[in-house]
1. Alpha carbon centre of segment 273-290 versus segment 43-64: separation in Å?
2. To the nearest 10 degrees, how steep is helix 152-163 against the longest Cα principal axis of the chain, on a 0 to 90 scale?
3. Could you work out the relative contact order of segment 124-213? I mean the mean sequence separation of Cα pairs under 8 Å and 6+ apart, divided by the number of residues, in percent.
4. Taking the chain as a Gaussian network, where each spring joins two C-alpha atoms under 10 Å apart, which residue of 198, 108, 209 fluctuates the most?
5. At a Cα cut-off below 17 Å, give the aspartates and glutamates reachable from residue 210, other chains included and same-chain residues fewer than 8 away excluded.
6. Residues of segment 214-241 with the amide nitrogen closer than 20 Å to a label point 7 Å from the Cα of residue 141, along Cα-to-Cβ, please.
7. Give me the lysines in straight-line cross-link reach of residue 205: C-alpha distance below 27 Å, same-chain residues under 8 apart excluded.
8. Of the trypsin sites (Lys or Arg not before Pro) in segment 108-169, which ones lie in a loop per DSSP and count no more than 16 other C-beta atoms within 10 Å?
Amino acid sequence: MRNVYYVVVLVVILLANNCTTEDQQAQPESRDITVGITSSFIGEAAIFVAKEKGFFKENGLNVTLKHNQSGTASIHDLFDNVVDIAHVAETPVVYSLVDSSYYKKGNPPPFQIITNLLITDEIQKIVARKDHGISRPKDVVGKKIALAKGTQLEYYLDSFLLEHQISKDSLTLIDLSSEAQIEALRKGRVDVSVNWEPYATFSEKQLGPKSTLLKTKLHFSTLWLVSTLDSFAQSNPKVLIAYLKALHRANQYIEKHAEETRKILAANIEVPVSVIEAVWQKIDYKLSMSERMIQLFEDQERWLIKKGRADTTDLNYLDIINKGPLKEVHPEGVILIE
């Protein structure tokens with residue numbers, strides 16, 4: 001009887017060891033990648049959630065975040081091989097393609113877009129100091145205007161000035177990061193801040209009755225794009241699919257756990273949760289590729305031509321779109337006419 005007992009124990013041990021070995025073999029090898037993000041932008045919700053909730057690790061990725069002040073810095077890091085993936089708005093993408101002076105080291109290496117991360121058309125604001133004599137758009141003439149040059153905010157300001165027939169030459173433009181604008185406006189070093197969310201609302205709340213929001217009829221759609229070099233995409237197609245799977249999983253989590261997501265965002269961006277709550281309904285976090293993306297690229301190309309900043313024109317923006325990873329992960333998000 002004792003011999004039977006020893007045999008049973010031995011079999012159990014062998015089976016357990018075999019299961020452990022199989023489990024170890026089933027675990028995907030973790031791949032290290034670095035991603036350039038804009039820490040101050042509310043559009044980064046999915047990556048913050050994916051990182052905190054372990055969705056990258058579930059998909060075999062060890063993601064290191066490089067925190068930048070704008071998508072311009074992130075896409076330049078991409079070109080310099082500092083990061084493998086860069087999150088960026090449409091403006092730096094178009095600048096990189098049509099303005100040879102935008103990237104100071106010469107022609108950028110070939111790159112591509114594998115998804116858009118959000119849908120929104122109210123993510124920028126122009127916040128002014130009422131106590132500096134500003135109560136309507138025309139009052140900005142002769143004032144100090146803070147914005148991050150080379151970003152979507154520059155396009156937004158130009159559209160605002162055109163709407164209200166204000167000459168850009170009548171302004172003093174000060175190039176400040178989104179974060180630096182908060183302190184500059186609060187201390188009165190600038191009169192107006194052109195900023196994205198949530199920092200625009202944060203500035204507005206900080207100033208209270210001393211602030212005014214300059215009204216506009218603009219409903220300016222903004223993209224938040226995942227970009228990578230062609231060379232990386234060709235060598236690592238499974239990594240890109242895994243990356244989008246993690247972000248898609250994060251978006252599903254965001255939809256079900258909005259309150260917790262707002263807390264995660266507030267902690268990462270370092271603003272009160274109330275600020276995130278104030279702008280929460282303006283954004284829909286979804287992976288997508290649509291005709292709107294191409295339209296925005298073309299709109300901004302025309303803008304740069306008008307500014308005399310384009311030395312390459314008439315681009316086919318479908319050439320920089322790689323639909324493959326998104327079709328694999330979230331095919332219903334691909335709505336592009338070819």
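1. A separation of 18 Å, based on Cα centres.
2. 30 degrees
3. Numbers: 150 pairs, mean separation 43.1, N = 90.
With pairs under 8 Å counted, the relative contact order is 48 percent.
4. 209
5. Correct list for residue 210: 131, 139, 183, 191.
6. The answer is 214-217, whose backbone nitrogens lie closer than 20 Å to the label point.
7. Partners within reach: 125, 130, 138, 143, 144, 149, 187, 215, 217, 263, 282.
8. Numbers: sites: 125, 129, 130, 138, 143, 144, 149, 168; in loops: 143, 149.
Hits after loop and neighbour filter: 149.
FYI, it's all coordinate maths here, none of it is from the lab. Quick caveat: nothing in here was measured; it's all calculated off a predicted structure. As a convention, Cβ positions derive from the backbone with ideal geometry for all residues, glycine included, and neighbour counts pool all protein chains shown.
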